[in-house]
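First the structure, in the form of structure tokens, and then the observations on it.
The values are calculated or read from the model by the stated rules, or taken from the named source; none is laboratory data. Here the structure is a predicted model, which is why all the values come from computation and not from measurement. Here the Cβ is made from the backbone with ideal geometry for all residues, glycine too, and neighbour counts use every protein chain on show. Surface accessibility is based on the protein's heavy atoms, side chains included, excluding ligands, DNA and RNA. Shrake-Rupley method; radii C 1.70, N 1.55, O 1.52, S 1.80 Å.
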Amino acid sequence: MQYKSTRDDKIRLEASQVIAQGISEEGGLFVPETLPDLRGELSDLSGLSYSALAKRIFSLFLTDLSQEEISACVEAAYAPEKFDGEEPVKLVSLTKGGDKKYLLELWHGPTCAFKDMALQILPHFLTRSMKKALPGKQAVILTATSGDTGKAALEGFRDVSGTQILVFYPENGVSQMQKRQMETQEGENVTVCAIEGNFDDAQNTVKRVFTDPAMKANLAAHGMVFSSANSINFGRLLPQIVYYFYAYFSLCRTGALRLGDPFNVAVPTGNFGNILAAFYAFQMGLPVHKFICASNANRVLTDFIRTGIYDRRREFFATISPSMDILISSNLERLLYALSGEDSKLLAQWMGELSETGCYQVAPAVSQKIQELFFGGYCEDQRTARTIRQVWEKDEYLCDPHTAVALEVYRQYIQETGDSDTPVVIASTASPYKFPESVLASLGEAVPEDGFAAMEALQSFSGMKLPEQLKALREKPVRFRKTIAPEQADAFIRTSAGIGEQ
Ligand SMILES: *Cc1c(COP(=O)(O)O)cnc(C)c1O
């Protein structure tokens, strides 16, 4: 399979090049030339284990890796000891009172957030891709994080030979536990740094350095290239396609659905990566009826879905679901590309307007298609907190603030459409123990100031198992304490990558 760019028709690359490079030279995102069609194969696939399903799907996309290589990647990434169980994801029914809600828990990996699903396997894809596409070169992974990507990427890439990883997080934009996870990161090839500003500032800084020709030349002179672990890298999206199929097949096995029946998917959304993976699964033949796109107070996507106008010129809110505090959802570009007849000129124009004016409006026909497929809704902190409490009281289920946003927006969806009959899979994207302060406060409990005391208080309140990897952070020494201004990033990166000051 070949890949093309959303902003330039003429580009065609192999999968290994796409994964090694991360983003296209002119700023476009890589997408498959055509998506594989699994419609005729659904029943054969429906009995597969997670690993077997992953191998089948990956082999359709990564056509320049061998079956053996793909198998090795999958076995290493989703080993039972890494994901706390035989299958890396768990499907939990919340069906009290006739509800047809199923939570897809995607956070049983090493960092307790769904990012592990992709970032445990991306380093394996990347090192193999580098050997093919850029033999002898070292990859410098540059990543901006709204909290969970950074830790998951660090954990995935730590001590992977032939790679270095640098992570930037917004100084005041991540939770106590997320910060602690990153500043205590172990590994010889890792660097972590806080950056002044919010996530968009961090992401823009990384994008600027990433595309700076002088920096690129300097790296090249040292046998290095930049690559990305952000969800602009297609290698991040691909692993996420698998669990939507897997969740659907699991519901078919339990009898909640019959093969071929439609279901809904609800996703707490930030950069639009996770929900886009569901959309790709749909284009490959998964019978999704509606994509429920849930935002927090940073409701730029809700407004876009409802009006066709994407306008980032608005106040930025730091919320209790920090991994969704984003005003530029990068992966939306891929959806627009798919729904605008793959018109790269149009995409280049819209994205140009976004970077120049902060706003663009899509053609009415595109907006209409989006509304047919997507329901957009948002939920502010107070409602998020209320949802955490209500779900605990009704279903005895403890959810994190991101998952709560999706649960609430799903409730709004039912209220607006009356569609309570179609079963829904709701992506549960983080362990509640990653955000113990917000969860305790939502439950009306006292909140200890210390993050670890808060975790323990939440455990005694709920009786739910506390992940070892979070508990263990208390004993780990802090290794990274630096905060820099965005304009200091270039020099910082040169020093960290060992290519000197200029
Ligand atoms: C990253 C993240 C999200 C948002 O996912 P996108 O793919 O960026 O839309 C939601 N919840 C949690 C816990 C996350 O870490």
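Under 17 Å of direct C-alpha separation, and excluding same-chain neighbours fewer than eight residues apart, LYS10 reaches these aspartates and glutamates: GLU25, GLU26, GLU33, GLU342, ASP343. Tell me, what is the FRET efficiency for GLN371 and ALA52 to the nearest 0.05, using R0 = 41 angstrom and their Cβ-Cβ distance as r? The calculated FRET efficiency here is 0.65. Dipole of the stretch 56-158 computed with +1 at Lys/Arg Cβ and -1 at Asp/Glu Cβ about the Cα centre; of ALA72, GLY98, LEU126, farthest Cα towards the positive end is LEU126.
A Cβ-based charge dipole, computed about the Cα centre of the chain with Lys and Arg at +1 and Asp and Glu at -1, lands at about 340 debye. Its residue count N fixes a reference of 2.2 N^0.38 Å for the stretch 363-499, and the Cα radius of gyration divided by that reference is 1.43. Between LEU60 and THR422, how high is the FRET efficiency from 1/(1 + (r/R0)^6) when r is the Cβ-Cβ distance and R₀ = 30 Å? Nearest 0.05. Once the sixth-power term is evaluated, E becomes 0.60. What the phi angles of the stretch 15-29 give under the Karplus curve with 6.51, -1.76 and 1.60, with θ = phi - 60°, is a coupling list of 4, 4, 5, 4, 6, 5, 8, x, 9, 6, 3, 8, x, x, 9 Hz, glycine and proline written as x. Here LEU259 and GLU445 are evaluated by their C-beta separation; at R0 = 45 Å the FRET efficiency comes out at 0.55. Of the GluC sites (Glu not before Pro) found in the stretch 245-348, those that fall in a DSSP loop while having at most 11 other beta-carbon atoms within 10 Å are GLU315. Rolling a 1.4 Å probe across the protein heavy atoms gives the stretch 156-284 an accessible surface of 29 Å² per residue. Note on the stretch 93-237: with charges restricted to the Cβ of Lys and Arg (+1) and Asp and Glu (-1), its dipole about the Cα centre is near 580 debye. Maximal additional length on extending the LYS216-GLN67 stretch stands at 50.3 nm, based on 0.36 nm per residue less the C-alpha distance.
Would you give the gap between the C-alpha center of the stretch 182-219 and the C-alpha center of the stretch 411-427, rounded to a whole Å? One Cα centre to the other: 39 Å. Taken over the stretch 344-502, lysine pairs spaced eight or more positions apart, or on distinct chains, with alpha carbons under 25 Å apart number 9.
Taking Rh as the Kirkwood radius computed over C-alpha pairs, what is the Stokes-Einstein D of the stretch 342-444 at 4 °C in a medium of viscosity 1.567 mPa s, expressed in µm² per second? Answer, rounded: 80 µm²/s. Length gained on full extension, GLU342 to GLU87: 88.2 nm, using 0.36 nm per residue less the C-alpha separation. Each residue of the stretch 345-362 is assigned a 3J(HN,Hα), and the resulting list reads 5, 4, 4, 4, 5, 4, 5, x, 4, 4, 6, 7, 10, x, 7, 8, 10, 8 Hz, derived from the Karplus form 6.51 cos²θ - 1.76 cosθ + 1.60 (θ = phi - 60°), x at Gly and Pro. Spin-label model, ASP9/SER43: points 7 Å from Cα along the beta carbon direction are separated by 4.2 nm.
Computed over the stretch 125-241, the P(r) tail beyond 18 angstrom holds 51 percent of alpha carbon pairs.
With the highest mean first, a sort of the peptides 22-33, 77-88, 123-134 on other beta-carbon atoms found within 10 angstrom per residue produces 123-134, 22-33, 77-88.
On the chain, 48 percent of the accessible area sits on carbon and sulfur atoms, based on a 1.4 Å probe. What the pair-distance distribution of the chain shows, using all Cα-Cα distances binned every 10 Å from zero, is 4, 20, 32, 29, 13, 2, 0 percent.
What the phi angles of the stretch 287-294 give under the Karplus curve with 6.51, -1.76 and 1.60, with θ = phi - 60°, is a coupling list of x, 8, 7, 9, 9, 9, 9, 9 Hz, glycine and proline written as x. Determine which aspartates and glutamates satisfy two conditions relative to LYS100: a Cα distance under 13 Å, and not lying fewer than 8 residues away in the same chain. Within the straight-line limit of under 13 Å, LYS100 reaches these aspartates and glutamates: ASP395, ASP419, ASP421.
Within straight-line reach of LYS179, meaning a Cα separation under 12 Å, sit the following aspartates and glutamates at least 8 residues removed in sequence or on another chain: ASP148, GLU171.
Taking the helices alone, the chain has a mean residue ellipticity at 222 nm of -13500 deg cm²/dmol, built from -39,500 (n - 2.57) per DSSP H run of at least 4 residues and averaged over all its residues.
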